[in-house]
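In what follows, a single structure is set out as structure tokens and then discussed.
The values are calculated or read from the model by the stated rules, or taken from the named source; none is laboratory data. Because the structure is predicted, anything quoted here is derived from the model rather than measured. Note that we place each Cβ from the backbone using ideal geometry, even for glycine, and neighbour counts take in every protein chain shown.
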Amino acid sequence: MTDTAILDNPLRAGLRLGRAPEPCTMVIFGATGDLTSRKLVPALYNLAREHRLPAGFSVVGFARRDWSDDYFRQELLDGINANSRSGAADPALWESFAQGISYHRSDFTNPEGYASLAERLNQIDEQRGTGGNRVFYLATPPDSYHDIIQNLGTHGLNHAPGNGWTRIIVEKPFGHDLESARALNQQLLSVFSEDQIYRIDHYLGKETVQNILVFRFGNGIFEPIWSRRYVDHVQITVAESIGVEDRGGYYDHSGATRDMIQNHLMQLLSLVAMEPPVAYDANAVRDEKVKVMRAIQPIAPEQLDNCTVRGQYTAGSVAGKPVQGYHSEKGVTPDSHTETYVALKLAIESWRWAGVPFYLRTGKCLPRRVSEIAVQFKAAPLMLFANGPTSDIEANALSIKIQPDEGITLKFNSKVPGQASQIRPVTMDFRYGTSFGVASPEAYERLLLDCLVGDGTLFTRRDEVETSWALLTPLLQAWQAGQGQPPQPYEAGTWGPHAADELLARDGRAWRRL
Ligand code: BG6
């Protein structure tokens, strides 16, 4: 296909491969933390392995600890060896990758640290040909964001020298509620422009999540049935088998709604429910996502117990291993009311979705790690076969499996071979592994590369983040004020509190068994 033909088709233009970033330097604030060695640097290493990083690409780790360049490099190498999807690092590749890595020790509040960072970046430009192009990555706890953003502005690091560009990636959590998210946006926008800001939500980098748009808008047969006319309801599940691990201190101030719903599940919902964008570009896609979020009806205080369920895990066992209760986790207050499970029933007030409930659930210490979006269709209008020897006639369901076993499954009814007219549901399956036979890149690989080439489509825009918080903040405040049922206990290793089953049972529905 010619380039012109690719560009004629916006979906293909946006998805095309072989995008080459310009030489640049990435400064990682909080580089001694877990995220850098577990996710960011393994992702960068894999991009290097696939020849997707530009020549001269450099990394500067900015953090408080008294580390040397060599010590920092060794930590990153250990991180790659332990966490990279491609296994242990290749010595020759690591050698050349490591030449571009250095460590810059400074407190985040210390202006001198930024002045010397500016000098160091200029040196790197000269020595490694990075042309003044910079990405700043905020991988610190959010309480340091303010100082870092302010200091970057004060030291002129928000503008690149010469013809270079400057971008900033902001990790989640992006705010704690609407007010703090707005304040963070205001501060960011007083120093950077919106097109320099990349708010990361790693779910958008997952291969299966990107495929939602291709599935919906790259095929002609699904969109016509993707509405209230044919869809009975939608279920979005992000189940985790892990507990809060060593993040009890953070999690206890967050809870499942802030940690997962506000970002990851709202993103999944908006991709599944949005209207077709006019183009596959950052603004057109995000415009449609925001429109869907705006159309979600806020949950009124008197609807709390009808539309929401919170849970908190108690001691139990997951996959045969004993698990302590949430209250015994390190960093968690013993009488904490933080939810480790939440289920919501949301209504989207649009012509496409009026009357179609969207049920969302996510939780920790559930029996399995499994995430999926299931579109449950209405039953056939006339049950010709209902009086036969079987009444096992189920409505069609289409499930998009986000992880693991990535793929898409359509369930429909079929005649069981034989004389009797027996009917049984069967499935038509698409599996990434079988169809493509190549390992999908990690979400961070895709997102880091997108930022390096200046494509913000898979990052969240200011209004998206604020709209999501605007919907959830009143809910969080009502819970905080003691309204609605408190979190219900559920034993670790079960599918959450019974009240979550009742939430659907009241509507004559049930959660899918995963
Ligand atoms: C993070 C949350 O954003 O997503 C974690 O803070 C959660 O609590 C994680 O475990 C889940 O991500 P994934 O990619 O493992 O589904």
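Odds and ends about this structure:
- Just one of the numbered conditions (1) surrounded by 15 or more Cβ atoms within 10 Å (Cβ to Cβ); (2) more than 30 Å from ILE197 (Cα to Cα) is not true of VAL465: (2).
Per-residue answers, yes or no, for (1) under 23 Å from ALA354 (Cβ atoms); (2) at pLDDT 95 or above; (3) surrounded by 24 or more Cβ atoms within 10 Å (Cβ to Cβ):
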| residue | (1), (2), (3) |
| --- | --- |
| HIS253 | no, yes, no |
| ARG258 | no, yes, no |
| GLN262 | no, yes, yes |
| LEU265 | yes, yes, yes |
| VAL272 | yes, yes, no |
| GLU275 | yes, yes, no |
| ALA279 | no, no, no |
| ALA284 | no, yes, no |
| LYS289 | yes, yes, yes |
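- Qualifying position, being over 30 Å from ALA347 (Cα atoms) and either crowded, with 18+ Cβ neighbours inside 10 Å or out of contact with any Leu (no Cβ under 9 Å at 6 or more places or on another chain) (or both), among LEU476, LEU447: LEU447
- Any chance ASN263 is within 13 Å of the ligand (Cβ to nearest atom), part of a helix (DSSP H, G or I) and not aliphatic (A, V, I, L, M): yes
- On the stretch given as the stretch 23-81, residues that are part of a helix (DSSP H, G or I) and at pLDDT 95 or above total 28.
- Residue selected from the stretch 86-110 under the condition over 24 Å from VAL438 (Cα atoms) and acidic (Asp, Glu), by the criterion farthest from the chain's Cα centre (by Cα): GLU95
- Every condition in (1) on the phi < 0 side of the Ramachandran plot; (2) of a type in the set (Gly, Ala, Ser); (3) surrounded by fewer than 21 Cβ atoms within 10 Å (Cβ to Cβ) holds for GLY156 except the one numbered (1).
- Residues of the stretch 196-245 that turn out to be among the aromatic types (Phe, Trp, Tyr) and closer than 30 Å to GLY331 by Cα, as a count: 1
- The residue that is nearest to the ligand (Cβ to nearest atom), counting only those in the stretch 219-251 that are closer than 18 Å to ALA347 by Cβ and among the charged types (D, E, K, R), is ASP232.
- Residue match in the stretch 357-380 (condition: over 30 Å from GLY493 (Cβ atoms) and modelled with pLDDT under 95): yes
- Only a single item in (1) among the aliphatic types (A, V, I, L, M); (2) more than 16 Å from the ligand (Cβ to nearest atom); (3) in contact with a helix residue (DSSP H, G or I) (Cβ under 7 Å, 6 or more places away or on another chain) is not met by ALA284, and it is number (3).
- Of the strands (runs of 3 or more DSSP E) entirely within the stretch 134-239, those holding at least 2 residues that are in contact (Cβ under 8 Å) with a residue 12 or more places away in the chain and closer than 23 Å to ASP450 by Cα occupy 134-138, 166-170, 197-199.
- Flag if GLN297 is at pLDDT 95 or above and surrounded by 15 or more Cβ atoms within 10 Å (Cβ to Cβ): no
- Among the residues of this structure, ASN163 does not count as one that is over 20 Å from THR36 (Cα atoms), at pLDDT 95 or above and out of contact with any strand residue (DSSP E or B) (no Cβ under 9 Å at 6 or more places or on another chain).
- Residues located in the stretch 311-363, provided they are under 30 Å from PRO224 (Cβ atoms), touching a helix residue (DSSP H, G or I) at 6+ places or on another chain (Cβ under 6 Å) and basic (Lys, Arg): LYS345
- Remark: pairs (first residue in the stretch 247-267, more than 19 Å from GLY496 (Cα to Cα) and of a type outside the set (Val, Ile, Thr); second residue part of a helix (DSSP H, G or I) and more than 10 Å from the ligand (Cβ to nearest atom); Cβ separation under 7 Å; 6+ apart in sequence or on different chains) = GLN262/SER468; GLN262/TRP469; GLN262/LEU472; MET266/MET293; MET266/SER468; GLN267/LEU204.
- Those residues of the stretch 178-214 which are away from the ligand (no atom under 16 Å from the Cβ), surrounded by fewer than 18 Cβ atoms within 10 Å (Cβ to Cβ) and not β-branched (Val, Ile, Thr), in sequence order: GLU179, SER180, ARG182, ALA183, GLN186, GLN187, LEU189, SER190, SER193, GLU194, ASP195
- The residues on offer are ALA443, ALA439, ALA395, ALA420, and the sole one that is in contact (Cβ under 8 Å) with a residue 60 or more places away in the chain and over 28 Å from the mean Cα position of the chain (by Cα) is ALA395.
- Residue check, GLY433 surrounded by fewer than 16 Cβ atoms within 10 Å (Cβ to Cβ), part of a helix (DSSP H, G or I) and out of contact with any His (no Cβ under 7 Å at 6 or more places or on another chain): yes
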